[in-house]
1. Before we move on, is VAL82 more than 20 Å from LEU19 (Cα to Cα), of a type in the set (A, V, I, L, M, F, W, C) and over 16 Å from the mean Cα position of the chain (by Cα)?
2. Considering each of ALA72, ALA96 in turn, give the residue that is small (Gly, Ala, Ser) and closer than 30 Å to ALA60 by Cβ.
3. Can you confirm whether ALA176 is buried (at least 19 other Cβ atoms within 10 Å of the Cβ) and modelled with pLDDT of 95 or more?
4. Test of understanding: among VAL115, VAL95, VAL138, which residue is surrounded by fewer than 24 Cβ atoms within 10 Å (Cβ to Cβ), under 22 Å from VAL178 (Cα atoms) and assigned by TED's automatic domain parsing to the domain that holds PRO416?
5. When you look at VAL243, is it assigned by TED's automatic domain parsing to the domain that holds ARG256, surrounded by fewer than 16 Cβ atoms within 10 Å (Cβ to Cβ), touching a helix residue (DSSP H, G or I) at 6+ places or on another chain (Cβ under 8 Å) and modelled with pLDDT of 95 or more, yes or no?
6. Kindly indicate which of ALA71, ALA55, ALA32 is more than 16 Å from the chain's Cα centre (by Cα) and closer than 20 Å to ALA362 by Cβ.
7. How about the range 233-284: which of its residues are part of a helix (DSSP H, G or I) and over 33 Å from the mean Cα position of the chain (by Cα)?
8. Can you find a residue in the range 208-225 that is at negative phi and under 19 Å from the mean Cα position of the chain (by Cα)?
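The values are calculated or read from the model by the stated rules, or taken from the named source; none is laboratory data. Only a predicted model underlies this, so the values are computations on that prediction, with no experimental measurement involved. Glycine gets a Cβ as well: all are built from the backbone with ideal geometry, and neighbour counts include every protein chain shown.
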Amino acid sequence: MTAPAVVFVLPGKRHLPLLIALVPALALRGLAMLGYRPALWFWADSFTYLKAAAAPEPGAFRPLGYPLFLAALSPGPGLTLVTAVQHLLGLGTAVAAYALLRRRGLPGWGATALVAPLLYDEFLILLEHMIMADSLFVVLTTGGILALLRRQVTPAAAAAGGALLALATLTRTIGAVVLVLAAGHLLWHRHGWRVWSRFVLAGAVPLLAYAAWMGATSGTFGLTRAGGQFLWARTTTFADCAVIRPEPRLAPLCPRVPVAARPAPPFWLWAPWSPIRAVRADRNALAGRFARAAILAQPGDYLAAAGADLRWLLRWERTTERDPSVRRTNPYWFPFEARPLRESVRAVAESYEKGPAATRIAEPYAGWLRAYQRVGYLPFPLLVLALAAALVLAVVRRRGEALLPGLAAVALVLLPPFAVGYDVRYVVPAIPLTCLALGLAVTRGPRGEDDGGVSRTPGALPRVSCAGGARSA
């Protein structure tokens, strides 16, 4: 038996489809860099991240993963470096997914076709160009799962996967669900206690350290102090206090607006008229108690509210408005015109940028990108169909490793409507995971592999080539 070997093939004919596909992908990101300088902003969230980067301390609503990323890049030339790094990380994720699919035996054109949404989806490009945590979360989540999709998961790979998924959780807390699914995946496929323990250790230590930091600064041991408030906001769209009959301390949290006229959950979190503003002490705990009482009293309404949000997945267009006049203010479109920064946020933005930070639009580059965004996306009905096909094929064809990215994608799509509400950017992280799951589900599976992708021959080690295929050494 020989030692495991990895053969890296230099770019050539075997990878020509990917190399060709990368050219327009780079061009689209170049248009974003040229057309919208230095970056795009998302309401108050972007400036909250910049403020936290300048003075890192655990906050109530969001963990510090993305602010620490911004702080690490702050010695550079400002926001242009941030967007450039995010674009490169996005392209790197597509290349890494392509490499895995090639190693599983897919031809170059097939692997390239499967990662095409990662290269060309306009919403991924938009998020990469925005000062928001979502693009980093996509990279960390996909990278963590890629580290575990090996025929022989080593302790080092397990530790890398655990660390990346922990960092994803510190970027967006829903990453904890993916971390748990990955731990179950390693247990199910019996990769051994050393592999599993390394994964758990690498995943748990950053989260425990952060929770301890949070406890030292706020008295709350956890990743955020807002889980109850988010769940309360979810219930505001259906909660009827005549049915719930809340205890007196919870009564101020009852929505006063008729159910038919109530806005989406995020408005109840941030609007100045929200009843939660009147709660001063134990706000998160009381909001959580109200939410649980509402769900127990109105379980059918709760399921109906989440189901109504999930219906957005059936829309061919991703945005909520088709009227061009409304698109001008939609944060999920490359904007038609520059908007000045409000005085309340100008200082923190210009401090990071070391100069003027308002988005400057340069034509014709911005116009070309706006024209592309009308057609350059993967419609969510196709995403749902691809995800369902991947899961069915994984079960029927016994491709166990496809279930990890597939189930992670399902969790990322389904959980937000139940926990806080639907938002189009909450679905986007499922795109690369769905592509991976479908690619792994359609592979033949080399001889000698069981349904988990592990060699049946005792002691056999895989010999892997980036050109595709594997054989026992």
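1. Working: more than 20 Å from LEU19 (Cα to Cα): yes; of a type in the set (A, V, I, L, M, F, W, C): yes; over 16 Å from the mean Cα position of the chain (by Cα): yes.
It is true that VAL82 is more than 20 Å from LEU19 (Cα to Cα), of a type in the set (A, V, I, L, M, F, W, C) and over 16 Å from the mean Cα position of the chain (by Cα).
2. ALA72
3. On the way: buried (at least 19 other Cβ atoms within 10 Å of the Cβ): no; modelled with pLDDT of 95 or more: yes.
In short, no.
4. Result: VAL95 is the single residue among VAL115, VAL95, VAL138 that is surrounded by fewer than 24 Cβ atoms within 10 Å (Cβ to Cβ), under 22 Å from VAL178 (Cα atoms) and assigned by TED's automatic domain parsing to the domain that holds PRO416.
5. Criteria met by VAL243.
6. ALA32
7. Residues of the range 233-284 part of a helix (DSSP H, G or I): 233-235, 241-244, 248-253, 259-261, 265-270, 275-278, 283-284.
Scanning the range 233-284 gives CYS241, ALA242, VAL243, ILE244, PRO248, ARG249, LEU250, ALA251, PRO252.
8. Yes, the range 208-225 contains at least one residue that is at negative phi and under 19 Å from the mean Cα position of the chain (by Cα).
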